Amino acid sequence: MLIKIMLGLIGLGIVVFVHELGHFIAARLSGIDVEAFSIGWGKPIFSKVFHGVEYRIGIFPVGGYCRMKGETEFKEALTNNDIAIPREPGTFYGASPLKRILTAFAGPFANVIFAVLVLSLVWAIGFDVQTLDNKIVLASEIEGKTFPADEAGLQTGDRIIAINGKPVSNYSEIQEQIAPNPGQTLQLLVERNGEQIPITVKPQLDTDTGAGRIGIYFWTDPVIETVKAGSPAQLAGLMKGDRIVSVQGMPLPYSVALYKVLKDRPSILQFNIERNGEFFNKELILSYDDQGQTNIGLEFKTIRYRAVAHSIPEAFVKGASESWKTFTVSIKSLAVLFKGVNLSKAVSGPVRITYMVGDIAAEGFGQSFGAGFTAIASFLSLISISLCIMNLLPIPALDGGLIILFFIELITRKPLHPKAVYWFQMLGALFIFSLLIFSVFGDIMFLFGKK
């Protein structure tokens, strides 16, 4: 876990560095002096002054800041009961409202540019995609309850070949259409027994994730692809290429049927497998954690295909397109938070995001350097765009809140009153602190669930 956390801190630090660099560059171009540029918070473990700017690395390496000269001058004006904030040359409040707006906007904008460039690089070098087939299994057969897929008339063994007129051929493409659209009617085209059947379905909201769900799993033949070292599967003698014929005497037509057996938490699993035309019985000894979860140590065969390298102009277009898609999906996801989502599970704080970045990086680099780079680059672009959207929200203390404040000053042509800035910042700090406490509490629950 330590390696995952270290990788996560590095990845998250890159995204924050880009954001603060945007503020830094805009401030310098606007004639605003920068006093300190820090990656991380707290007491500096590294500090160096260069061209009048103190560059720091904080002891807590998540987050960061770009401190501009005069940012807190309103406090002095508040103490002196002044009616306006001093406007000294080179200070933050000494710059025009328009320059302050551009400086505040530059951080989120830098995150978007970063996402476009990173995704463009991914498309320029090409990457491997690991996914599942478009053949489905009804979740009701595993979980024992009805979902929208059942009500719409979908059946296990169907292949989803198009959604809203757009062809789809694998799990990833199907999820891209379903997950962002809870409550929206989707037109599916399904292939069943050689016929094409139109089906209308409305995804329900998964309150744990905020994504749309219709209640399907994706069919994977129960052929073992990898066996984790030291796992119950390896100890039982299972090997790559084995086909699981039955579990506990029940046929296993597809791999997700295994979850139905594990719901009863058996201490022993009786497997019948086929290996090179011969049949063997294998016995797995299982243990469970406090959440009733177990890991038998098996992965089943997936589909892999290569996205070929594009020319630089084509890669840039692809990168911009993917960034826009991520931006619009993130906006939709934000709106879903107000529709009954379980916020403690759906909202991730710095701890959980750090772990997720590290987990994705470790898993990717475990396959190959290229897979690791692609995985972490894609996820960092997602976080970067999410950071852009979050900071542009009209909330005090965030960039979006400051932009609104300065825009009001620009329109009214009246200087900001120190008390107005003070209470504006206090409300924002209270909101951010409350959100941080809430998200970190959810993160702690998340990590306990990982043990």
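The modelled label-to-label distance between Ser267 and Ile125, using points 7 Å beyond Cα along the C-beta direction, is 5.0 nm. 3J(HN,Hα) along the range 404-410, derived from phi through the Karplus expression 6.51 cos²θ - 1.76 cosθ + 1.60 where θ = phi - 60°, amounts to 4, 4, 6, 5, 4, 4, 5 Hz, with x in place of Gly and Pro. Applying 1/(1 + (r/R0)^6) with R0 = 41 Å to the Cβ-Cβ distance of Ser140 and Ala309 gives a FRET efficiency near 0.45.
Computed extension gain for Lys414 through Arg87, at 0.36 nm per residue and net of the alpha carbon distance, reaches 116.4 nm.
What does the net charge come to around Val227 if you take all other residues with beta carbon closer than 13 Å to its beta carbon, with K and R at +1 and D and E at -1? Within the 13 Å Cβ shell, the charges total +2. Computed from the C-alpha gyration tensor, the three semi-axes of the ellipsoid equivalent to the range 224-293 are 20, 14, 11 Å, from longest to shortest.
Charge dipole (Cα centre; +1 on Lys/Arg Cβ, -1 on Asp/Glu Cβ; no other charges) of the range 136-218 amounts to roughly 160 debye. Find how many whole Å separate the alpha carbon centroid of the range 50-119 from the alpha carbon centroid of the range 18-49. That distance is 8 Å. For Arg304, Arg100, Arg243, the sequence from fewest to most other C-beta atoms within 10 Å is Arg304, Arg243, Arg100.
Pairs on different chains or at least eight residues apart, Cα atoms closer than 28 Å: how many lysine pairs in the range 85-240 fit?
Values: Lys135/Lys145; Lys135/Lys166; Lys135/Lys202; Lys135/Lys228; Lys135/Lys240; Lys145/Lys202; Lys166/Lys202; Lys228/Lys240.
Eligible lysine pairs with Cα atoms under 28 Å apart amount to 8.
Extension gain for the segment Asn295 to Asn276, taken as residue separation times 0.36 nm less the Cα-Cα distance, is 4.3 nm to one decimal.
The simple Förster model, with R0 at 51 Å and r as the Cβ-Cβ distance, assigns Ile59 and Asn80 a FRET efficiency of 0.90. Could you tell me which of rounded, prolate or oblate describes the range 136-218, using a ≥ b ≥ c as the square roots of the eigenvalues of the alpha-carbon gyration tensor, with rounded for a/c under 1.5 and, failing that, prolate when a/b is larger than b/c and oblate otherwise? Oblate.
Where a number appears in this text, it was derived from the coordinates with a stated rule and is not lab data. All of these numbers come straight from a predicted model, not from anything done at the bench. Note that we place each Cβ from the backbone using ideal geometry, even for glycine, and neighbour counts take in every protein chain shown.
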